[in-house]
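What follows is a single structure, written as structure tokens, with notes after it.
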Amino acid sequence: MVHNSMSSFLVAAPKSNSGKTMVTLGLMHALVKRGFKVQPFKCGPDYIDPMHHTKIAGKSSYNLDLWMSSAEHVQDVFKKQSRDADVAIAEGVMGLFDGAKKDEGSSAAVARLLHMPVVLVVDASSTAYSVAPLLYGFKNFDTRIKLAGVIFNKVASESHFQFLKEASIDAGVDVLGYLPRDERLHIESRHLGLHLPGENKNLKIVGVAAELLEQKVDIDLLLSLSKREEMTIASTQDRAGGKLRIAMAHDEAFSFSYSANRDVLLQLGDVKEFSPLHDNALPEADLVWLPGGYPELFAQELSENGAMRRAIISYIDSGKALIAECGGMMYLGNKLIQKNGEAFEMCGVFDFDTSFEHMKLHLGYRELLGHSMAVRGHEFHYSRLIGKEKGSAEFQVKTARNKTAEMAVFREKNCWASYMHLYLGEKEKMQQLLNELGL
């Protein structure tokens with residue numbers, strides 16, 4: 001199939017907290033309101049931004065990560081998911097050139113690989129003509145990247161924008177427009193990032209951003225500058241579902257998972273969702289998956305659902321396979337301790353407590369090495385383990401720089417758990433882990 005009319009661009013910034021998420025969500029909202037089919041993507045390992053993308057665009061957002069997966073996989077994901085889109089929008093991660101090593105795996109690397117023009121979002125608060133050398137540097141540092149233009153954020157006034165516009169012209173960068181400084185655009189965050197879609201009037205805030213972008217940004221120019229001349233996409237057919245019965249936890253407490261992981265699971269079998277919060281029994285399953293989430297916000301409810309906790313324990317005791325990531329692992333410990341010291345009983349499969357007292361950030365790419373397994377993912381949490389911190393000796397965990405990571409991996413019969421958010425969008429990687437669990 002040949003798609004001649006699609007536009008695609010990557011929203012990036014010189015540094016984190018420049019406003020690229022707000023600009024990305026606002027542009028998605030504005031284009032959907034215009035009637036465009038928008039396909040969202042997220043560079044890097046984040047799993048919360050894609051949930052917001054999905055809510056706004058009405059299509060699952062996919063991660064484009066060149067450390068957690070191969071270049072071929074990233075290309076395949078982009079082509080396959082974009083095949084019916086009018087506009088493909090990727091939100092960058094951190095600064096444009098920030099990667100695991102120099103710019104390896106960065107937003108810039110994704111832009112180069114996929115030939116996506118970059119829209120640079122620049123926080124213009126407390127600056128004016130000085131953005132000229134900044135823009136000149138980003139335009140000329142790597143000429144393999146096409147800088148489609150700049151959108152300024154937190155602009156104080158129209159006269160402020162004129163200074164910025166003059167700077168952009170002198171730097172040779174197209175000016176697409178700006179977002180004004182506006183208190184209505186404040187989105188609250190919690191310790192892992194943005195609140196989840198639907199919380200704290202986030203959708204209303206994104207609607208305000210979309211209206212302002214329609215007024216202050218030349219969206220038609222952006223679409224013209226990011227038009228793909230031609231993209232040939234091979235017709236792909238997903239394999240029919242396999243025979244595995246897979247139960248995936250999905251509710252207010254457990255919702256962090258990669259779209260590509262789910263696609264692979266659907267190839268391997270039938271996926272049924274269940275709620276550790278609200279259900280009192282597990283679906284019939286060969287594999288149970290407990291993804292990450294915010295179990296600490298629902299610790300009392302999870303503790304009070306004794307029927308589900310007993311069902312989980314019985315399932316693991318029977319020798320069946322279970323994978324628990326981060327929040328799912330916390331649920332399998334003895335207790336979950338809130339930052340105020342209040343403790344709630346969890347499943348007690350593993351002999352440790354998870355504590356949010358004295359919170360400290362732990363994050364970074366991780367590679368998990370087992371007997372015949374090498375899978376990658378990401379660690380991002382503020383809690384710590386008390387008790388059995390060492391985990392199983394049969395697994396090694398490395399950082400992106402091949403140093404040993406202090407992240408425990410736990411194994412009980414065919415139950416596997418760690419703080420790691422696994423990226424298993426490449427089917428052979430998923431199968432490696434399942435083989436370790438006897439599937």
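Only one of PHE97, PHE152, PHE78 is among the aromatic types (Phe, Trp, Tyr), closer than 30 Å to ALA400 by Cβ and open to solvent by less than 30 Å² (accessible area, probe 1.4 Å). Can you tell me which?
Step by step, each of PHE97, PHE152, PHE78 is checked, and only PHE78 is among the aromatic types (Phe, Trp, Tyr), closer than 30 Å to ALA400 by Cβ and open to solvent by less than 30 Å² (accessible area, probe 1.4 Å).
Out of all the residues in the stretch 233-240, is one or more assigned to a helix (DSSP H, G or I), aliphatic (A, V, I, L, M), open to solvent by 60 Å² or more (accessible area, probe 1.4 Å) and at pLDDT below 85?
For the stretch 233-240, residues assigned to a helix (DSSP H, G or I), aliphatic (A, V, I, L, M), open to solvent by 60 Å² or more (accessible area, probe 1.4 Å) and at pLDDT below 85: absent.
For every residue, the table says whether it meets (1) over 16 Å from the mean Cα position of the chain (by Cα); (2) among the acidic types (Asp, Glu).
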residue: ALA13; (1), (2): yes, no
residue: SER16; (1), (2): no, no
residue: HIS29; (1), (2): yes, no
residue: ARG34; (1), (2): yes, no
residue: THR54; (1), (2): no, no
residue: ASP65; (1), (2): no, yes
residue: GLU72; (1), (2): yes, yes
residue: LYS80; (1), (2): yes, no
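Which residue is farthest from the chain's Cα centre (by Cα), if the candidates are limited to the stretch 292-319 and must be on the phi < 0 side of the Ramachandran plot and in contact (Cβ under 8 Å) with a residue 60 or more places away in the chain?
Of everything passing the filter in the stretch 292-319, ASP317 is farthest from the chain's Cα centre (by Cα).
In the stretch 393-404, is there at least one residue being open to solvent by 50 Å² or more (accessible area, probe 1.4 Å) and hydroxyl-bearing (Ser, Thr, Tyr)?
Yes, the stretch 393-404 contains at least one residue that is open to solvent by 50 Å² or more (accessible area, probe 1.4 Å) and hydroxyl-bearing (Ser, Thr, Tyr).
Taking the options SER18, SER69, SER60, name whichever one is farther than 22 Å from ASN153 by Cα and open to solvent by less than 50 Å² (accessible area, probe 1.4 Å).
Unique residue meeting the criteria: SER69.
Out of all the residues in the stretch 172-182, which are in contact (Cβ under 8 Å) with a residue 40 or more places away in the chain and either crowded, with 17+ Cβ neighbours inside 10 Å or under 14 Å from LEU135 (Cα atoms) (or both)?
VAL173, ASP174, LEU176, GLY177, TYR178, LEU179, listed by residue number.
Evaluate the stretch 377-390: report whether one residue or more is open to solvent by less than 20 Å² (accessible area, probe 1.4 Å), of a type in the set (A, V, I, L, M) and touching a residue at least 40 places away in the same chain (Cβ under 8 Å).
no
Of all the residues that make up the stretch 327-346, how many are part of a loop (DSSP other than H, G, I, E, B) and open to solvent by less than 10 Å² (accessible area, probe 1.4 Å)? If you could, list the steps in order and put the result at the bottom.
At the first step, the residues of the stretch 327-346 found to be part of a loop (DSSP other than H, G, I, E, B) are 333-334, 338-342, 346.
Still in the list and also open to solvent by less than 10 Å² (accessible area, probe 1.4 Å): 333, 346.
Residues meeting the conditions: 2.
Report those helices (runs of 4 or more DSSP H) wholly inside the stretch 257-323 carrying at least 3 residues which are among the β-branched types (Val, Ile, Thr).
Once the helices (runs of 4 or more DSSP H) in the stretch 257-323 are filtered for at least 3 residues that are among the β-branched types (Val, Ile, Thr), what remains is 306-317.
Output the residues belonging to the stretch 44-53 that are closer than 16 Å to LEU424 by Cα and either assigned to a helix (DSSP H, G or I) or in contact with a helix residue (DSSP H, G or I) (Cβ under 9 Å, 6 or more places away or on another chain) (or both).
Within the stretch 44-53, GLY44 is the sole residue that qualifies.
The values are calculated or read from the model by the stated rules, or taken from the named source; none is laboratory data. Predicted, not measured: the structure shown is a model, and the values here were computed from it. Methodologically, a virtual Cβ is constructed for each residue, glycine included, from the backbone with ideal geometry; neighbour enumeration extends over all protein chains shown. When the accessible area is computed, the model is the full protein with side chains, heavy atoms only, and any ligands, DNA or RNA have been set aside. Shrake-Rupley method; radii C 1.70, N 1.55, O 1.52, S 1.80 Å.
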